[in-house]
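Inspection log for the structure reproduced underneath, given as structure tokens.
Here, each number is a calculation from the coordinates, and none is a lab measurement. The shown structure was predicted, so the numbers you read here are calculated from the model rather than taken from an experiment. Every residue, glycine among them, receives a Cβ derived from its backbone with ideal geometry; neighbour counts consider all protein chains shown.
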Amino acid sequence: MMQSERQSWTIGRRTVGSGQPCFIIAEIGSNHDGSLEIAKTLIREAAKAGADAVKFQSFRAATLAAPRQERLQKFFKQAELDPAWYQDLIRVADEEGVVWLSTPFDDASADALGDLGMPVFKVSSGDLTDHRLLQRLARWERPIILSTGMAWLGEVEAALGAIRTIGHPPLVLLHCVTAYPSAPEDANIRAMARMGEAFGVPYGYSDHCLGVAVPLGAVALGACVIEKHFTSDRSRQGPDHGHSLEASEFALMVREIRSLERALGDGVKAPVKAELPDRVWARRGLYATQPIAAGATITPAMVARLRPNDGIGAEDWDLVIGRVARQAIEPGAALHWDLL
């Protein structure tokens, strides 16, 4: 196990990390379909749906796919995010009160996003083993959210080791299944918590399953970051639309996460204020089943366990049996200590 890392950090007015409300990222990715106006609309819709951050992807096909991989080159080319859009997208995100992020896939994008002042670097699962990129990001000493799809635990450890040779930025590890969409039975969200425990870092989940059940399970297991693909129309053509949530679904996920967070509570086992009246009527007390004369020894036949607990509780049965009545007790009367 590595030394325990910093457990929380701030982005503007938001604190992110262990014990904090879940930081929810709307992964817009390539769902802008090459349109600045669509990109801006998606930011606004994600903010309205309750996202804390919106995230795009920054890459150039020429620096991502090998030259002879023509199909990959074409695929990535059509999904590129124009750096000339950055300022417009940041402005819209600021107006909507959400954090603007973009995942850098190469050194030039990492430097450009760092120069823009992007407050957090989000690293894709595919670049977990690109230690040179991780080290380049670490030099900025800004928080890093690192996805770990496809990885063995040892590969995650190696990535953290590479980062730590350069600096000590705050970290969040995201468990992820890199399949689009991924099956719920492959989610294995317990591995998320195990990974966080192994490395002493806050953890979360980057989800590619359909629906909202898996993110809710991740939050219940302590996820402090949830990332989920976001689109305005899942029927649109493109690599990410089909496994994305539409605005109404994303809003449902956010509401359910916030409700779940309230339900998780502080972990202290104690009655809440709303239960206090029920401690009387829902619990059993001890009642006389027959007339009991003063000086009589209480026997089991003289006592019944009935609701409400209006005197001595049923848990004290053994303390009552064998005691002597100090005064006469009428049948049906609740037993009190001053009577015995």
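Which of the lysines could a cross-linker span from residue 40 if the Cα-Cα distance has to be under 29 Å and same-chain partners fewer than 8 positions apart are dropped?
Reachable lysines: 48, 55, 74, 77, 122, 228.
At q = 0.19, 0.25 Å⁻¹, work out log10 I(q)/I(0) for region 273-339 with the Debye formula, treating every Cα as an identical point scatterer and leaving solvent out; two decimals please.
Results for region 273-339 at q = 0.19, 0.25 Å⁻¹ read -0.65, -1.03.
Run through all the Cα pairs of region 1-102 and give the fraction in each 5 Å bin from 0, expressed as whole percent.
2, 12, 20, 17, 14, 12, 11, 8, 4, 0
Highest mean first, how do 67-76, 169-178 rank when packing is the count of other Cβ atoms within 10 Å averaged over residues? Write down the numbers at each step before the final one.
Values: 67-76: 12.1, 169-178: 23.5.
In descending order of packing, they fall as 169-178, 67-76.
Please build a GNM for the chain, connecting alpha carbons under 10 Å apart, and tell me which residue among 150, 302, 253 fluctuates the most.
302
I'd like the antiparallel share, as a percent to the nearest 5, of DSSP beta bridges with both residues in the chain.
30
So how far apart, in nm, are the two label points at residue 197 and residue 107 if each is 7 Å from Cα heading toward Cβ?
4.0
Work out Dmax and Rg for region 10-264 from the C-alpha atoms and quote the Rg first, both in angstrom.
16.9, 53
Rounded to the nearest Å, what's the spacing between the alpha carbon centres of region 266-323 and region 182-209? Just the number, please.
47
How many percent of all Cα-Cα pairs in region 207-306 sit more than 23 Å apart? Write out the running numbers ahead of the final one.
Details: 2858 of 4950 pairs.
I get 58 percent for the Cα pairs in region 207-306 exceeding 23 Å.
With only alpha-carbon atoms counted, please give the Rg and Dmax of region 47-106, in Å.
Reported Rg and Dmax, both Å: 14.1, 43.
Helix-derived [θ] at 222 nm for the chain: sum -39500 (n - 2.57) over DSSP H runs of at least 4, divide by residue count, nearest 500? Spell out each step's value before the answer.
Values: 12 runs with 109 residues, N = 340.
It lands at -9000 deg cm²/dmol.
Using the alpha carbon gyration tensor of region 200-264, what are the three equivalent-ellipsoid semi-axes (square root of 5 times each eigenvalue), largest first, in whole Å?
Ellipsoid semi-axes (Å, largest first): 23, 14, 8.
Counting pairs of Cα atoms in region 38-164, how many percent are more than 20 Å apart? Provide the component values of the computation, followed by the final result.
Numbers: 3951 of 8001 pairs.
I get 49 percent for the Cα pairs in region 38-164 exceeding 20 Å.
Enter the Cα centre distance for the pair region 148-175 and region 48-93, rounded to the nearest angstrom.
23
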